[in-house]
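K.L.:
Sharing a structure below in structure tokens format, with a few things to ask.
The values are calculated or read from the model by the stated rules, or taken from the named source; none is laboratory data. Keep in mind that what you see is a predicted model, and the values were worked out from it rather than measured. Cβ sites come from the backbone with ideal geometry, for glycine too, and all protein chains shown count toward neighbours. Protein only, heavy atoms only, side chains kept; ligands, DNA and RNA dropped before computing areas. Shrake-Rupley method; radii C 1.70, N 1.55, O 1.52, S 1.80 Å.
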Amino acid sequence: MADHVNSAHVALDYIRTRMENARRRFGAPPETVELVAVSKTFDAEAVRPFLEAGQRVFGENRVQEAKEKWPGLRAVFSDVTLHLIGPLQTNKAREAVALFDVIETVDREKLAGVLAEEMQRAGKRLPCFVQVNIGGEEQKAGIPIDETVEFVRRCREVHGLDIVGLMCIPPDGQPAGPYFAHLSALAKQAGVAKLSMGMSGDFETAIAMGATHVRVGSALFGRRAVAAQ
Ligand SMILES: *Cc1c(COP(=O)(O)O)cnc(C)c1O
């Protein structure tokens, strides 16, 4: 096995083992937590060993970057599932619907409407997450906490979107646990089953709070260039 594939194997095994241990401590049934490998800023050549090592679920935060990277990789690995985990502008919704399999960042009415139109046009109904601004931070994307339940209802009933769960990015520099617990409680209120929460630094905590999807980038691929974070 080529060295780069071997090191991708080692990185994946290490994260999967930690996920499995956290899952056991939490007492969730096996295979209920999905690893979304966040490959943003890493090019196709860097991602390929992870595909060769068997990883199939990936996350990207920019439509343009995904467009340059993934069609070529998908031509070889056709069973990939690609999650959009970054902010989406309505004028990129058509491309996003064409490129991605799951949209994790539905966070406003206008976007919900445009995504619904584009999915209908493309004859697709992609699973979506509603992104919640769980820290109530001014500069952060996400629907406000107190609008979440109503927004999920409108996404489903008015726009016909397939909302499967909630997603969040907690504030930097604070323990994430209480934010994850809050997102979990909100999901119950909103009547959605899935929770996308937890990144390289806190995915075990997220699993302990009921995450069904963890989004892990740097712990798998290595550090990103600072300017590209
Ligand atoms: C970059 C990113 C991640 C992965 O972050 P790491 O700390 O590298 O694991 C997860 N979620 C979102 C939304 C991101 O933009």
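K.L.:
Which three lengths, in whole Å and largest first, does region 104-229 cover when its Cα atoms are put on their principal axes?
P.N.:
Here the Cα extents, ordered largest to smallest, are 39, 31, 27 Å.
K.L.:
Then there is this: How far is the Cα center of region 151-176 from the Cα center of region 3-28, in Å?
P.N.:
About 26 Å separates the Cα centre of region 151-176 from the one of region 3-28.
K.L.:
Pairs on different chains or at least eight residues apart, Cα atoms closer than 18 Å: how many lysine pairs in the chain fit?
P.N.:
Lysine pairs meeting both conditions in the chain amount to 8.
K.L.:
What does the extension gain come out to for Q174 and R121, with contour length at 0.36 nm per residue minus their alpha carbon separation?
P.N.:
14.9 nm
K.L.:
How much length would be gained if the chain were fully extended between Q64 and A2, taking 0.36 nm per residue of separation minus their Cα-Cα distance, in nm to one decimal?
P.N.:
This chain segment gains 19.3 nm when fully extended.
K.L.:
Given the peptides 130-137, 37-44, 50-57, arrange them by the average over their residues of other C-beta atoms within 10 Å, most packed first.
P.N.:
Packing proxy ranking, top to bottom: 130-137, 37-44, 50-57.
K.L.:
Please compute the per residue accessible area over region 7-151 with all protein chains in place, 1.4 Å probe, rounded to a whole number of Å².
P.N.:
Counting only protein heavy atoms, the per-residue value for region 7-151 is 48 Å².
K.L.:
Rg (Å, one decimal) plus Dmax (Å, integer) for the alpha carbons of region 11-156?
P.N.:
For region 11-156, the Cα-based Rg and Dmax read 16.5, 44 Å.
K.L.:
R18 to E31: extension gain in nm, 0.36 nm per residue of separation minus the Cα-Cα distance?
P.N.:
Full extension from R18 to E31 adds 3.4 nm.
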